[in-house]
Amino acid sequence: MAADRRIVYCLLCEKPHENLSSHLKKACMKDNTEEERNAELTKAKISQKEWTRVGRRWEYHEVDSLMNEEDPLRALIDRLKSKGFFIVKDPSESSPAEQRQLLQDVTPWMRSMVAKLKTGVNVATNYTTQFRYFCMGVLSVVYNKSLKSIETFKTAGWVDRQQTSSGVTIQFSDNSVACTLRKEEEEWFELYFTKIRPLALLRQDEYMDDEGCFFLGQNGGPIANTKTDLQRLWKL
Ligand SMILES: [Zn+2]
């Protein structure tokens, strides 16, 4: 009888693998470093465990309430994804592989923005918005965080980040799995926090409250359309 192997899904091609480590090496991450592959492997295992722990079980009333949403199909798809399911060939979305590629392609632009923000050069608002989209995209694609986790991520979670040997670990206020940002990612987030977020607060309307949220929209309030923001990013 064959060994009872643990199946782990690759988060990049969203397919099941008996030996994910060798799959990453041969296919999805063949051009990456050993260290990056190991990090991806850990992430995939955590994701698999989370799905087993919380994804499989559904309460009837939850499914029922989704059917009453304005767009039940979209609501169901979003909920399935947040529970760790993969919805493939969704015509409204680019694939994780395409999104990852886009983040890589935009990285040089981010580096040029870092230089500008550090030297205090005036940066146009649409660029600072794209900078925010990018940071959100990193959480979504690189760290597999749900829209809800991104929306409710608090400044306290950033201020209280923990330094580790590989970067900084941040906690999310919806108690989802913490993630460890690499050094360069930390710099992006810190620049957003110290240079861009305060500008959004300056624009804040009188009645608006930032609610301690890390990512703020144009009006200085918590971001309301995370999904749309990210879709704009993927269309850059
Ligand atoms: Zn793969």
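The values are calculated or read from the model by the stated rules, or taken from the named source; none is laboratory data. These figures come from a predicted structure and were not determined experimentally. Glycine also receives a Cβ, built like all others from the backbone with ideal geometry; neighbour counts cover every protein chain displayed.
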*assigned to a helix (DSSP H, G or I) and of a type in the set (D, E, K, R): does that describe Glu211?*
no
*Kindly indicate whether Glu69 is surrounded by 13 or more Cβ atoms within 10 Å (Cβ to Cβ) and away from the ligand (no atom under 16 Å from the Cβ).*
yes
_Residue list for the range 6-27, restricted to those being within 7 Å of the ligand (Cβ to nearest atom) and in contact (Cβ under 8 Å) with a residue 60 or more places away in the chain_ = Leu12, Cys13
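Can you say whether Met29 is more than 16 Å from Ser140 (Cα to Cα), of a type in the set (A, V, I, L, M), surrounded by 13 or more Cβ atoms within 10 Å (Cβ to Cβ) and assigned by TED's automatic domain parsing to the domain that holds Lys148, as far as the supplied structure shows? Break it down stepwise before answering.
Numbers: more than 16 Å from Ser140 (Cα to Cα): yes; of a type in the set (A, V, I, L, M): yes; surrounded by 13 or more Cβ atoms within 10 Å (Cβ to Cβ): yes; assigned by TED's automatic domain parsing to the domain that holds Lys148: no.
So Met29 does not fit the description; no.
If you take the residues in the range 157-196 that are among the charged types (D, E, K, R) and touching a residue at least 40 places away in the same chain (Cβ under 8 Å), which one is nearest to Thr107 (Cα to Cα)?
So, considering only residues that are among the charged types (D, E, K, R) and touching a residue at least 40 places away in the same chain (Cβ under 8 Å), the one nearest to Thr107 (Cα to Cα) is Glu185.
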_Meets criteria (surrounded by 12 or more Cβ atoms within 10 Å (Cβ to Cβ), away from the ligand (no atom under 15 Å from the Cβ) and at pLDDT 90 or above) for Val106_ = yes
*Just checking, which of Lys154, Lys195, Lys183, Lys148 is basic (Lys, Arg) and more than 30 Å from Arg37 (Cα to Cα)?*
Lys195
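Per-residue answers, yes or no, for (1) assigned to a helix (DSSP H, G or I); (2) within 16 Å of the ligand (Cβ to nearest atom):
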residue: Met29; (1), (2): no, yes
residue: Glu35; (1), (2): yes, no
residue: Ser47; (1), (2): yes, yes
residue: Val54; (1), (2): yes, no
residue: Val88; (1), (2): no, yes
residue: Pro91; (1), (2): no, no
residue: Arg100; (1), (2): yes, yes
residue: Arg111; (1), (2): yes, no
*Filter result for the condition that a residue is under 18 Å from Phe215 (Cα atoms) and hydroxyl-bearing (Ser, Thr, Tyr), over Thr125, Thr107, Thr164, Thr119*: Thr125
*Would you mind finding the one in Lys118, Lys154, Lys145, Lys81 that is of a type outside the set (S, T, N, Q) and surrounded by fewer than 15 Cβ atoms within 10 Å (Cβ to Cβ)?*
Lys118
